Amino acid sequence: MFDLMKTEKISPKSFAELTKEFQKLVNDNETGSILCVVYQKGKLAYCNKFGWKDKKKNIPIEFDDIFRIYSMTKPIVCLAALILYDEGKFDLDDPLEKYLPEYKSLKVLKSYNEETGEVELEEAKERITIKHLFTHTSGLSYGFYPGVPIDKLYGEKFEITSENRIKAVLESFQQLDDLEKFSRSLATLPLAFEPGSHFWYAWGIDILGLLIEKLSGRKLDLFLKESVFDKLGMKDTDFYVPDEKQNRFVKAYTKDNEGNLIEVEGILDEGFYLKPKFLSGGGGLVSTLEDYLRFSLMMLNKGKYNDVRIISKDVINLMISNHLPKGKDYLDMQLYEFEDPEIIKRNKGFGFGLGVIVKIAENMLKSGIGDYGWGGAFDTIFRIDPINEVIFIVLTQYCPVDNNWIAPIETPTVSDLVYDALGIYTNKE
């Protein structure tokens, strides 16, 4: 295995443009720090670091520093749930209510009166299945968008009132009660749509975390440690940063009203110093570049890491296949139709697997068909391309501003620069 701490940096000339892009983002105060690793066919092709762990104190970033990975937690927890699937503990088409009875007799939001707050509900015709949780097609929501009727109800229920709802939802990870209480509360809310009919990013993977607890008889953190982290040597991945590692925890940054880069303070910083009650399978983990590379190498190797098999090859293939309804892709399934041509272009040619987005047709990325991955709210990215045997991971810590997802580092830009540097050219639309 690669020991990134013994790797000062690997930065061949072919990656000069990628290095230039990352250095400019740090120099221009678009973010505080960046780590990046690129793997291809058994070796590290690129490994570099930029900026500061703590800009104010002038402490440079290091390869073993610890980052909030937020939604890059999801593929790990989905993999953990699929370990139980591999053991025959559940079927993907099982109704959720079979294991969590609070999800029986759900209702769908038919209309919402913004002036009076009056809602009209109707009985759900379909039941939430476990597959719906993996694929964000359950009808649940996150509550990110205050202008969306279902999200208004989520905001009221969970006291998420800030205009920057993304930031507020992230803060809730350190404030919510345990998974069982949260699930019972979530199940009292109506669904945004009939399960299986649309894609809408949601708390589903957190409920999958509770399902792991129910089926394994272990708390989510313990199950992840014993079934994934210990086997892969992911020694720094957890739901909090213990005392002895807090000097390695990276400062997060955002922008003030004048566009200046400032530290993120409060619970998004201090909240990670203690183990939370709410073990968020959707976004609660912290990790390092090397730990996530270990996870990614296991995924690329179809469930095996060194001589240790984590899960069967067949189940990994199932995880990274498109599970949206036949004839549908990621764009078709959105609850609200995209209007921005740039957003449409970025989402064209993607399906969705069991916790990861999957490239199913030629599109703007130069990667091979079957390329998959996801990102995190503080601008973290990972992609795995099985055809070309490429992995790239980028970690930074930038908190979205004003309830939008615009971030300094974007997958299409990084992907182009990585594939150009590797000399891999596919048909790109």
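The values are calculated or read from the model by the stated rules, or taken from the named source; none is laboratory data. What you see is a predicted model, and the numbers here were worked out from it, not measured in a lab. Because the Cβ atoms are built from the backbone with ideal geometry, glycine has one as well, and the counts that use them run over all protein chains shown.
Looking for something hydroxyl-bearing (Ser, Thr, Tyr) and surrounded by fewer than 20 Cβ atoms within 10 Å (Cβ to Cβ) - is there at least one such residue anywhere in segment 247-270? No, the conditions are met nowhere in segment 247-270.
Which ones in segment 89-116 are within 24 Å of Leu279 (Cα to Cα) and not basic (Lys, Arg)?
Quick first cut of segment 89-116, residues within 24 Å of Leu279 (Cα to Cα) only: 89-92, 94-104.
Correct list: Phe90, Asp91, Leu92, Asp94, Pro95, Leu96, Glu97, Tyr99, Leu100, Pro101, Glu102, Tyr103.
Residue count for segment 223-235 satisfying the condition of being outside any helix (DSSP H, G or I) and either polar (S, T, N, Q) or surrounded by fewer than 21 Cβ atoms within 10 Å (Cβ to Cβ) (or both): 2. Can Glu156 be described as touching a helix residue (DSSP H, G or I) at 6+ places or on another chain (Cβ under 7 Å), outside any loop (DSSP other than H, G, I, E, B) and of a type outside the set (Gly, Ala, Ser)? No; evaluated as a whole, the condition is false for this residue.
Tally up the residues in segment 197-222 that are part of a loop (DSSP other than H, G, I, E, B), within 21 Å of the chain's Cα centre (by Cα) and farther than 20 Å from Leu153 by Cβ, please.
1
Listed by first and then second residue, the pairs linking a residue in segment 298-315 that is hydroxyl-bearing (Ser, Thr, Tyr) to a residue that is part of a helix (DSSP H, G or I), with Cβ atoms under 6 Å apart and 6 or more places separating them unless they lie on different chains, are Tyr305/Leu232; Tyr305/Met298; Ser312/Asp86.
Do we have any residue at all in segment 129-151 that's touching a Leu at 6+ places or on another chain (Cβ under 9 Å), part of a helix (DSSP H, G or I) and farther than 16 Å from Trp203 by Cα?
Initial filter on segment 129-151 (touching a Leu at 6+ places or on another chain (Cβ under 9 Å)): 129-135, 137-141, 143, 148-150.
Next, from what is left, pick out any that are part of a helix (DSSP H, G or I): 130-135, 149-150.
Keeping just the survivors that are farther than 16 Å from Trp203 by Cα gives 149.
Yes, the conditions are met somewhere in segment 129-151.
Among Val394, Val390, Val356, Val401, which is crowded, with 20+ Cβ neighbours inside 10 Å and more than 30 Å from Leu92 (Cα to Cα)?
Val394
Within segment 255-276, the residues that satisfy the criterion of being touching a Lys or Arg at 6+ places or on another chain (Cβ under 8 Å) and touching a residue at least 40 places away in the same chain (Cβ under 8 Å) are Leu261, Glu263, Val264, Leu268, Phe272.
For beta carbons closer than 9 Å, sequence separation of 6+ or different chains, a first residue in segment 134-151 that is under 27 Å from Asp93 (Cβ atoms) and at pLDDT 95 or above and a second that is of a type in the set (S, T, N, Q) and in a helix (DSSP H, G or I), there are no qualifying pairs.
Quick one: in segment 103-130, which of the residues that are closer than 18 Å to Ser183 by Cβ and in contact with an Asp or Glu (Cβ under 7 Å, 6 or more places away or on another chain) is surrounded by the fewest Cβ atoms within 10 Å (Cβ to Cβ)? It would help to see each step written out before you state the result.
So in segment 103-130, the residues closer than 18 Å to Ser183 by Cβ come out as 103-107, 124, 127-130.
Subset that is in contact with an Asp or Glu (Cβ under 7 Å, 6 or more places away or on another chain): 103-104, 107, 124, 127, 129-130.
Numbers: Tyr103: 23, Lys104: 13, Lys107: 16, Ala124: 18, Arg127: 20, Thr129: 21, Ile130: 24.
Applying the filter and picking the extreme gives Lys104.
If you check Leu215, Leu279, Leu220 for being in contact (Cβ under 8 Å) with a residue 60 or more places away in the chain, in contact with a helix residue (DSSP H, G or I) (Cβ under 6 Å, 6 or more places away or on another chain) and surrounded by fewer than 19 Cβ atoms within 10 Å (Cβ to Cβ), only one passes: Leu215.
Quick check on segment 166-182: of everything there that is assigned to a loop (DSSP other than H, G, I, E, B) and of a type outside the set (A, V, I, L, M), which residue is surrounded by the most Cβ atoms within 10 Å (Cβ to Cβ)? Let's see the steps before the verdict.
As a first pass, look at segment 166-182 and keep what is assigned to a loop (DSSP other than H, G, I, E, B): 173-178.
Right, trim to of a type outside the set (A, V, I, L, M) and you get 173-175, 177-178.
Numbers: Phe173: 23, Gln174: 21, Gln175: 14, Asp177: 12, Asp178: 14.
This residue is Phe173.
Do the conditions hold for Thr129, that is, is it β-branched (Val, Ile, Thr), at pLDDT 95 or above and either over 30 Å from Ile424 (Cβ atoms) or out of contact with any strand residue (DSSP E or B) (no Cβ under 8 Å at 6 or more places or on another chain) (or both)?
On the way: β-branched (Val, Ile, Thr): yes; at pLDDT 95 or above: yes; either over 30 Å from Ile424 (Cβ atoms) or out of contact with any strand residue (DSSP E or B) (no Cβ under 8 Å at 6 or more places or on another chain) (or both): yes.
For Thr129, the condition - β-branched (Val, Ile, Thr), at pLDDT 95 or above and either over 30 Å from Ile424 (Cβ atoms) or out of contact with any strand residue (DSSP E or B) (no Cβ under 8 Å at 6 or more places or on another chain) (or both) - is met.
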